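> Pasting a structure here, questions to come.
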Amino acid sequence: MLGKVAIGTVVCVLIAVGAISAQQVEVPREKAGKIIQPTKQPTAPPPIEVHPKTVALAERSNLSASRLSLEQMRQAGALAAQKVKEENHDIETDSSTADLAAPRLKKQISANAVRAVDRQSDESEPPAPAQSMSFSSQTAFTRLADGFDFPVGKPDARGYYKARGVRLHGHLGEDWDGVGGGDTDLGDPIYTIGDGVVVFARDCHQGWGNVVIVRHAYREGSVVRNVDSLYGHLEKILVRRGQAVRRGQQVGTMGTAHGLYDSHLHLEVRKNIAIGMSRDKFAQDFTNYYDPSEFIVSHRHLQSSGASYRVAMNTFTYDSRIQWDKLRNYSHAHTGGGSSESAYALKKALAAQSENAH
């Protein structure tokens, strides 16, 4: 009996312990479930999943924006290149038509800027049928002249005198001699009267000998004009065609036209830049020529920024027919460089020099 009681007690104790163990095992599960549940929530909530998607969308939008800007830049570059091509084409073909208003304005400005040189050059010369064609064949750049000086004894012709002046329909320039007379000035330096470009430099034979022609561009008021200065009877030529020269630069030495004259310089200043060496083709008066001394004195100091200006080179249309190398030199004896007129001018120059010395 006692044994049964003891066994029953042991069984009860075991059941009680088992119940207590069961409760201890269940309680931690409930608490663990409450603790684990919030720890799982941060791993898969919608905001955490959305964040990277938002960043990705932002990056995609930035990429698309950059692609659009690059594409726009390419299109703008293509349009600009097309406009430049059209403008250049219009200038070359002298076209005045356009499809759009804005390009039309640009084309007119560009065309006027290119043609302005030719129009301003034309103002200083009478129209001739072949001149416009020769103007477009070759051009050169020269500085705008800031003034003009005398071609001997620079800048004021000191030590020289004007042996002969301009005679319309005859002597269309000036002869300059040294005060020593005769050939004492042979080989003296000859200077260009102003900034310009050499458009002619060769031996013309006959009564000319070696000749240099310099083309000048200068501003007179709001207009840019062209003028040619010719230096004749030179002993030596020191420049070449197409060469830019500066005011007072030596272009040659004083000569005798291969022994035809006493040594002197023949100087001409021409309004008409189409004359060249074909003087008989043009009116020999002041519509085509300047009085050289009057022109120099009235243009000693001019407005100039030092900018370059485009001038025509091939304007001597009649000279192209001349076969220079087949022409002969005159072999007459010295004429005295103007005979009585030159002698009188020399006496006058010497008298003036003597008065200035006292």
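> Out of Arg270, Arg247, report the one residue that is modelled with pLDDT of 95 or more and either open to solvent by 40 Å² or more (accessible area, probe 1.4 Å) or among the acidic types (Asp, Glu) (or both).
Result: Arg247 is the single residue among Arg270, Arg247 that is modelled with pLDDT of 95 or more and either open to solvent by 40 Å² or more (accessible area, probe 1.4 Å) or among the acidic types (Asp, Glu) (or both).
> Would segment 239-253 turn up any residue that is among the hydroxyl-bearing types (Ser, Thr, Tyr) and over 12 Å from Ile213 (Cβ atoms)?
yes
> Exactly one condition in (1) surrounded by fewer than 23 Cβ atoms within 10 Å (Cβ to Cβ); (2) under 17 Å from Asp262 (Cα atoms) is false for Tyr191; which is it?
Here Tyr191 clears every test but (2).
The values are calculated or read from the model by the stated rules, or taken from the named source; none is laboratory data. Since the structure is predicted, the reported quantities are computational estimates derived from the model, not experimental observations. Note that each Cβ is placed from the backbone with ideal geometry, even for glycine, and that neighbours are counted across all protein chains shown. Ligands, DNA and RNA are excluded from the accessible area calculation, which covers all protein heavy atoms including side chains. Shrake-Rupley method; radii C 1.70, N 1.55, O 1.52, S 1.80 Å.
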